[in-house]
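Peer 1: So that we are looking at the same thing, I have put the structure below in structure tokens.
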Amino acid sequence: MPDERSFGERPADERTFDVTPTGAELPRGQNPYAAPTTELGVPLARQNPEDDFAIWRYNNKLILRRGYELPDVCVRTNTLQDLRRKTRAASWTPSWALLFVLLGCLPFLIVFILTTKREKIRFSITERENRRRLNAILMGWFIGGAGLVLVILLMSTAIANTVNQPGTGMVRTI
């Protein structure tokens, strides 16, 4: 005879663990799809910007209300050890301001200056992630500089090879 229980019910003698789709066991009542939290249990991302929260995620962006400081948790690794507090200036302009480019540079410049908003953002990052970030910035500058030097060398070599060639119009004078 089939079991008369409704779908999803368990007898009292079964385990008090839920099994996730990946096979991991979680204590009963813990949501495997919940937003990540800090070690203190504070959610890092809010699902609804209409809530009374000052921070939430929208697609791949972190949205903050003006004047809000991020908690003392690394923004990259979500850890609490070896933190360094940083302040960065951010500015943004509404996308509709780009339409004024069609009217000319001066109207665009005026609208751009009047509609640009500025804010200082305070956040925490671990020493390790800060070093990785600085190394990536230095590597970018190095590769960009090396590329610029390479372009200049190739252009000067090309110009030197075309001098005194028939039909180029370039004559080297001594």
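The values are calculated or read from the model by the stated rules, or taken from the named source; none is laboratory data. Fair warning: this is a prediction, and the values are worked out from it, not measured in the lab. Glycine also receives a Cβ, built like all others from the backbone with ideal geometry; neighbour counts cover every protein chain displayed.
Peer 1: When Ile125 is evaluated against the numbered criteria (1) modelled with pLDDT under 90; (2) surrounded by 12 or more Cβ atoms within 10 Å (Cβ to Cβ); (3) not polar (S, T, N, Q), which criterion, by number, is the only one it fails?
Peer 2: Condition (1) is where Ile125 drops out.
Peer 1: Filter region 79-94 for residues that are under 12 Å from Phe123 (Cβ atoms) and either polar (S, T, N, Q) or surrounded by 10 or more Cβ atoms within 10 Å (Cβ to Cβ) (or both) and give the result.
Peer 2: Result: Leu83, Arg84, Arg85, Lys86, Thr87, Ala90.
Peer 1: Would you check which residues across region 129-140 are out of contact with any Cys (no Cβ under 9 Å at 6 or more places or on another chain) and either in contact (Cβ under 8 Å) with a residue 24 or more places away in the chain or surrounded by 16 or more Cβ atoms within 10 Å (Cβ to Cβ) (or both) and list them?
Peer 2: Asn130, the sole residue that qualifies.
Peer 1: Continuing with this model, one more query. In region 108-138, how many are within 19 Å of the chain's Cα centre (by Cα) and among the aliphatic types (A, V, I, L, M)?
Peer 2: 6
Peer 1: From the list Arg131, Arg57, Arg65, which residue is of a type in the set (Lys, Arg), at pLDDT 90 or above and out of contact with any strand residue (DSSP E or B) (no Cβ under 6 Å at 6 or more places or on another chain)?
Peer 2: Being of a type in the set (Lys, Arg), at pLDDT 90 or above and out of contact with any strand residue (DSSP E or B) (no Cβ under 6 Å at 6 or more places or on another chain) holds for just one of Arg131, Arg57, Arg65, which is Arg131.
Peer 1: Moving on. Among the residues of region 70-78, is there at least one that is farther than 17 Å from Ile55 by Cα and basic (Lys, Arg)?
Peer 2: Within region 70-78, not a single residue is farther than 17 Å from Ile55 by Cα and basic (Lys, Arg).
Peer 1: Can I ask one more? Of all residues being aliphatic (A, V, I, L, M) and assigned to a helix (DSSP H, G or I) in region 111-122, which is surrounded by the most Cβ atoms within 10 Å (Cβ to Cβ)? Just the residue, please.
Peer 2: Filtering region 111-122 for residues that are aliphatic (A, V, I, L, M) and assigned to a helix (DSSP H, G or I), the one surrounded by the most Cβ atoms within 10 Å (Cβ to Cβ) comes out as Val111.
Peer 1: Kindly indicate whether any position in region 98-110 is surrounded by fewer than 12 Cβ atoms within 10 Å (Cβ to Cβ), of a type outside the set (Gly, Ala, Ser) and touching a residue at least 24 places away in the same chain (Cβ under 8 Å).
Peer 2: Within region 98-110, none of the residues are surrounded by fewer than 12 Cβ atoms within 10 Å (Cβ to Cβ), of a type outside the set (Gly, Ala, Ser) and touching a residue at least 24 places away in the same chain (Cβ under 8 Å).
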